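Note sheet for the following structure.
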Amino acid sequence: MPTLDQQPQEGKNALLEGTSTSEMIEGQRRSLVESTRKLARSPSEKAAKRILSLSIDLAMHYADELLNNFEQSYRTNSEQELWKVCFYSSVEALRKQSGSAGPHSVVFRQYLLDLVEQAIEFYGKLLDKYEQKFGMNFSSFSRWPPNENGFPSEGLAECYVSNSEQPVHDTNVLRSAQRHIIYLGDLHRYKVQNQEGVLKDFSKARREYLRANSLEPLNGHPLNQLAVIACYEKAPVEMLFWYVRALSVRVPFESARDSIEIVLNNFRGPASNFERWVWEQKESKENGVREAQNKVLPRGPIPNGEKSGGGVRPRSKYIREVWIRPNEEAADKGCRETNANEREGVLCEVAATKGANDGIERMFVGEQAKKTQKQAVQHILNTAGILISNIGTEQFKRSSELLLMELAAFIATDTILLSPLKILEIMLVFAFPVHSAKTGASQALISEQKRTAISVILDILERFLEVICVDIDKIGLFLLTGKLSKKFSRVLPSLCFALNWLCAQQSLQPEFSSQMPSNDKFWNLFSMLCNNLEKLRENGELLECSVEHTRQHECTNAILPELVVASPFFKVYPKYPSIICFHSLPDENATDFQFLAVHARFGLLLFMGKRLATDESFAPLVSGLNGFENVPHVKNPLESTVNLAGEDVNGGSLTELAMDSLSMSSSFEHSTADESELKKKLLLDEQSSFTHHWIIEIRPKYLVPDTNTFIDHLGHIQRLVQSDKFTVLVPTIVTDELSSLAMGTPIPTGSTLLSRELLAPEGSKAAVVMQRAKSAMEWLREMANSRVGRISSATASGNVLHKLTFATDGSTEQLKKRSNDDLILSVCICLCDKLERAGNTALSSCISPGSTTLERTVVLLTEDRGLSAKAEAEKVPVRTMQSFVRWALTPEGPTKRKKGGAGEGG
């Protein structure tokens with residue numbers, strides 16, 4: 001096989017015969033095109049072999065022309081012609097045959113891999129020739145020398161120091177070499193895609209694309225190819241990030257816009273489903289524990305005076321419920337007593353519990369954690385996609401609320417799914433719509449798009465600043481040791497990028513500040529941080545540094561990874577990143593790049609603060625930044641509102657209590673006296689609009705599952721028994737019904753289940769039900785033998801037996817004309833009459849005289865709508881098993897829920 005060091009044999013023969021080089025190249029090109037077309041039409045091994053021979057020979061001639069007549073070849077775009085004629089068309093033809101279903105596919109796949117290997121070797125040697133011919137070293141252009149691939153690692157922990165200027169070479173040579181390197185990356189990608197039985201590792205292709213980007217950062221083509229790799233690797237953050245970057249340079253790769261639309265369309269459905277699930281958790285909690293908002297759960301109108309086996313129940317127009325978890329022990333003395341505030345707090349306040357993000361954080365741990373976190377990442381990107389595409393703007397407010405909760409939870413959770421690098425990439429994606437409006441949009445829509453994007457960025461930065469300002473006293477320790485906490489390391493790089501972006505925007509567009517929405521909390525937090533950093537600088541704890549665009553002699557020039565990742569970015573970030581120059585540096589710290597990164601980041605933030613303080617247009621927004629020397633230490637805005645547990649005592653929180661609605665925690669905060677009175681007043685005002693209704697205070701203690709619940713949710717019943725919080729009461733009619741189902745006996749008409757054949761064919765629905773009934777009976781017998789105290793039997797007359805029994809209830813003979821539904825409901829009604837009371841609950845003194853209170857500890861668990869409606873009419877608390885477990889126990893990950901189901905969320 002000829003190489004770049006050897007003249008192709010056919011070329012020598014042609015020259016000996018006096019044929020011109022151009023004629024010879026044209027002849028080989030026609031032969032190669034003909035063979036490629038022939039192979040594309042039909043599987044021809046002869047054509048494949050000829051392609052392998054002609055491709056590399058013709059490529060040698062193109063390379064010779066490029067090296068010996070560069071200017072002319074570059075003007076005619078010979079690099080692209082070489083690629084398409086010699087390799088790309090041939091690769092596509094071989095891919096077509098290797099991907100077919102015929103027996104020859106394996107043979108052509110090997111031909112394909114052979115051609116790719118030849119092309120990789122060819123381009124490697126061609127690039128070596130470029131370095132020799134034009135006197136350059138491509139590795140000296142690396143944008144991030146510490147890493148082999150030229151890009152910062154996920155942790156962004158270290159900066160790098162470089163006191164040498166970027167090499168200067170002929171731009172056309174760099175662009176020509178960049179094209180070859182992109183094609184080399186494509187070849188490595190093809191190789192990985194067509195190899196079978198090996199791990200798909202695109203690291204070599206990625207390294208080539210990054211190398212191509214380092215030669216000419218203003219070209220979006222290699223950035224687009226990095227996005228293509230992310231698509232194959234199913235990496236959603238990198239996917240959207242690289243497509244955005246491909247459009248944010250001077251020479252954008254325009255087809256990336258269409259790719260972004262495709263990516264966002266793929267995100268839209270799953271993200272909407274996830275958001276719906278999260279807000280359903282919120283709604284479920286509000287329905288289950290309404291004391292967090294209105295303190296009572298409104299129920300719709302129900303039939304008055306309906307008769308049942310228990311007699312005529314009290315008439316009422318409305319029923320409202322207050323659900324309280326069993327471990328919420330509150331004094332039963334009424335709101336008038338001295339402990340009224342504690343009681344009201346238990347009933348009315350859902351605690352912020354280590355910040356209002358506890359609910360999302362809980363979703364990020366456990367068996368479903370990885371799945372939930374992936375869905376949250378997709379939702380975050382979809383929220384950015386709403387700003388980019390202007391599709392789904394009607395739901396943006398709710399999406400952005402959830403976005404802030406998710407980011408706060410990722411920062412607080414020890415997860416690798418959103419590393420500091422990925423958080424930074426997300427920030428850059430949110431900045432994209434400020435600069436790139438949707439094609440064809442009106443000026444008004446563009447202005448609103450920019451304003452909304454800026455508002456979201458400020459809200460995110462506010463959350464980042466909260467993380468820092470809560471532990472602001474630790475910054476001195478971080479500066480001393482050169483090591484950050486996990487939370488600081490996650491948010492600090494993104495904070496530096498975004499504030500640097502903010503200042504650069506203001507420099508480029510003086511009217512930018514007028515487009516910014518007000519966010520007093522953000523500016524107050526930033527002012528406090530800057531004043532604290534100024535004090536550390538004056539004390540010598542923060543090293544003296546400045547921000548420059550070029551390297552400074554007699555200084556230590558540090559480059560931060562976040563600025564490398566973001567450069568270039570439209571007109572805001574230049575081709576090469578800004579440099580942090582340390583004017584004096586102790587020798588022992590000169591090579592500690594993690595130590596330098598910590599000081600460089602805090603120094604950059606201080607520099608940005610001073611820069612904004614001197615900008616007159618920002619004066620109305622950042623009054624706390626005017627003159628650091630004359631401004632005393634600004635009081636931490638969090639100190640007046642957030643206690644040591646992270647709870648906002650003024651009714652908000654670090655995430656403004658939005659996450660509180662998602663929290664499944666059973667701990668409650670006590671209200672202050674003023675809050676207690678206000679809540680009591682709101683409750684009275686609300687109730688005054690009704691002539692009379694019932695307030696049912698529900699403290700689940702006894703759970704009564706129907707037969708279908710044992711069939712469909714035996715695992716949940718077992719969890720409830722094991723939780724040791726509830727007693728499961730099994731009606732004797734339910735054990736009778738389960739026993740009949742387990743034996744395949746037909747069930748009498750009127751039962752809660754359909755009649756089924758005596759002999760159930762294997763795999764039929766009846767067989768499945770029979771098997772589940774057997775499992776339920778086996779578990780019940782096991783519980784009976786082990787004498788577990790948290791499960792017992794209950795008769796139709798409401799008698800609770802000391803243990804599980806499988807004997808037929810004698811009373812059912814007298815009631816055999818009634819349906820099994822009515823018998824199960826009769827058990828619940830009788831239990832309520834025997835175990836509970838009316839008119840003497842803790843809420844009795846807090847409601848209007850026209851209302852009556854009941855206390856319930858019995859809950860019916862069923863998915864039967866008819867039975868649920870009857871239970872509600874009899875003021876028997878009812879829930880589906882799934883909704884009750886979500887409310888009472890640790891929340892589960894998102895699952896596909898069945899439609900309907902009486903009592904869901906009730």
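The values are calculated or read from the model by the stated rules, or taken from the named source; none is laboratory data. All values reported here derive from a predicted model rather than from experimental measurement. FYI the Cβ positions are ideal-geometry reconstructions off the backbone, even for glycines, and counts take in every protein chain you see.
Any residue at all in the range 876-886 that is closer than 16 Å to VAL704 by Cα, among the hydroxyl-bearing types (Ser, Thr, Tyr), at pLDDT 85 or above and crowded, with 20+ Cβ neighbours inside 10 Å? Yes - at least one qualifying residue is present in the range 876-886.
Just one residue in the set GLU131, GLU79 is acidic (Asp, Glu) and free of Cβ contacts under 8 Å to residues at least 24 places away in the same chain; that residue is GLU131.
Would you confirm whether or not the range 178-198 contains a residue that is of a type outside the set (D, E, K, R), touching a residue at least 12 places away in the same chain (Cβ under 8 Å), part of a loop (DSSP other than H, G, I, E, B) and farther than 21 Å from TYR62 by Cα? Yes, some residue in the range 178-198 is of a type outside the set (D, E, K, R), touching a residue at least 12 places away in the same chain (Cβ under 8 Å), part of a loop (DSSP other than H, G, I, E, B) and farther than 21 Å from TYR62 by Cα.
Please tell me if LEU94 is modelled with pLDDT under 95 and among the hydrophobic types (A, V, I, L, M, F, W, C).
On the way: modelled with pLDDT under 95: yes; among the hydrophobic types (A, V, I, L, M, F, W, C): yes.
Criteria met by LEU94.
Sort out which residues of the range 479-530 are small (Gly, Ala, Ser) and part of a helix (DSSP H, G or I), and write them in order of number. Correct list: SER489, SER494, ALA498, ALA504, SER507, SER513, SER514, SER527. For the range 402-417, the criterion of a residue being over 22 Å from CYS496 (Cα atoms) and either crowded, with 23+ Cβ neighbours inside 10 Å or small (Gly, Ala, Ser) (or both) is satisfied by at least one position.
Among the residues of the range 70-104, those identified as under 40 Å from the mean Cα position of the chain (by Cα) and outside any helix (DSSP H, G or I) are GLY99, SER100, ALA101. Entry remark, the range 234-277: residues being under 14 Å from SER436 (Cα atoms), hydroxyl-bearing (Ser, Thr, Tyr) and not in a loop (DSSP other than H, G, I, E, B) number 1 in total.
Condition check ((1) among the hydroxyl-bearing types (Ser, Thr, Tyr); (2) more than 46 Å from the chain's Cα centre (by Cα); (3) assigned to a helix (DSSP H, G or I); (4) at pLDDT 85 or above) across all residues:
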residue	(1), (2), (3), (4)
ALA796	no, yes, no, no
HIS802	no, yes, no, no
THR808	yes, yes, no, no
LYS817	no, yes, no, no
SER826	yes, yes, yes, yes
ILE829	no, no, yes, yes
SER845	yes, no, yes, no
PRO849	no, yes, no, no
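Hey, could you check the range 120-162 for residues that are within 30 Å of PHE602 (Cα to Cα) and in a helix (DSSP H, G or I) and say which is farthest from the chain's Cα centre (by Cα)? So, considering only residues that are within 30 Å of PHE602 (Cα to Cα) and in a helix (DSSP H, G or I), the one farthest from the chain's Cα centre (by Cα) is SER140. Contact map, the range 720-746: residues that are in contact (Cβ under 8 Å) with a residue 24 or more places away in the chain and over 16 Å from ALA796 (Cβ atoms) paired with residues that are of a type in the set (Ser, Thr, Tyr) and surrounded by fewer than 23 Cβ atoms within 10 Å (Cβ to Cβ), Cβ distance under 6 Å, separation 6+ or inter-chain. Pairs shown: THR727/TYR702. Of the set (1) over 17 Å from LEU502 (Cβ atoms); (2) at pLDDT below 90; (3) of a type in the set (Phe, Trp, Tyr), all apply to PHE582 but (2). Looking at the range 536-545, is at least one residue more than 30 Å from ARG245 (Cβ to Cβ), in contact with a helix residue (DSSP H, G or I) (Cβ under 6 Å, 6 or more places away or on another chain) and modelled with pLDDT under 85? There is no residue in the range 536-545 that is more than 30 Å from ARG245 (Cβ to Cβ), in contact with a helix residue (DSSP H, G or I) (Cβ under 6 Å, 6 or more places away or on another chain) and modelled with pLDDT under 85.
Kindly indicate whether any position in the range 534-542 is buried (at least 19 other Cβ atoms within 10 Å of the Cβ) and either in a strand (DSSP E or B) or in contact with a Ser or Thr (Cβ under 9 Å, 6 or more places away or on another chain) (or both). Within the range 534-542, not a single residue is buried (at least 19 other Cβ atoms within 10 Å of the Cβ) and either in a strand (DSSP E or B) or in contact with a Ser or Thr (Cβ under 9 Å, 6 or more places away or on another chain) (or both).
In the range 33-53, the qualifying residues are those that are in a helix (DSSP H, G or I) and of a type in the set (Ser, Thr, Tyr), and the one that is nearest to TYR88 (Cα to Cα) is THR36. In the set (1) buried (at least 21 other Cβ atoms within 10 Å of the Cβ); (2) in contact with a Gly (Cβ under 9 Å, 6 or more places away or on another chain), ILE423 fails one condition alone, (2). Quick check on the range 363-401: of everything there that is among the β-branched types (Val, Ile, Thr) and modelled with pLDDT of 85 or more, which residue is surrounded by the fewest Cβ atoms within 10 Å (Cβ to Cβ)? Restricting to residues being among the β-branched types (Val, Ile, Thr) and modelled with pLDDT of 85 or more, the top hit is ILE391. The residues of the range 527-542 that are touching a Leu at 6+ places or on another chain (Cβ under 6 Å) and within 14 Å of PHE478 (Cβ to Cβ), listed by number, are LEU533, LEU536, GLU541, LEU542. Among the residues of the range 93-124, those that are out of contact with any helix residue (DSSP H, G or I) (no Cβ under 7 Å at 6 or more places or on another chain) and polar (S, T, N, Q) comprise SER100, GLN110. Of all residues in the range 463-486 being surrounded by fewer than 16 Cβ atoms within 10 Å (Cβ to Cβ) and among the basic types (Lys, Arg), which is farthest from CYS159 (Cα to Cα)? Going through the qualifying residues, I end up with LYS474. I want to confirm something. Restricting to the range 431-457 and keeping residues that are of a type in the set (Val, Ile, Thr) and not in a loop (DSSP other than H, G, I, E, B), which single residue is nearest to LEU495 (Cα to Cα)? Here the residue is ILE457.
Scanning the range 96-114 for residues that are of a type in the set (D, E, K, R) and surrounded by 18 or more Cβ atoms within 10 Å (Cβ to Cβ) returns a single hit, ARG109.
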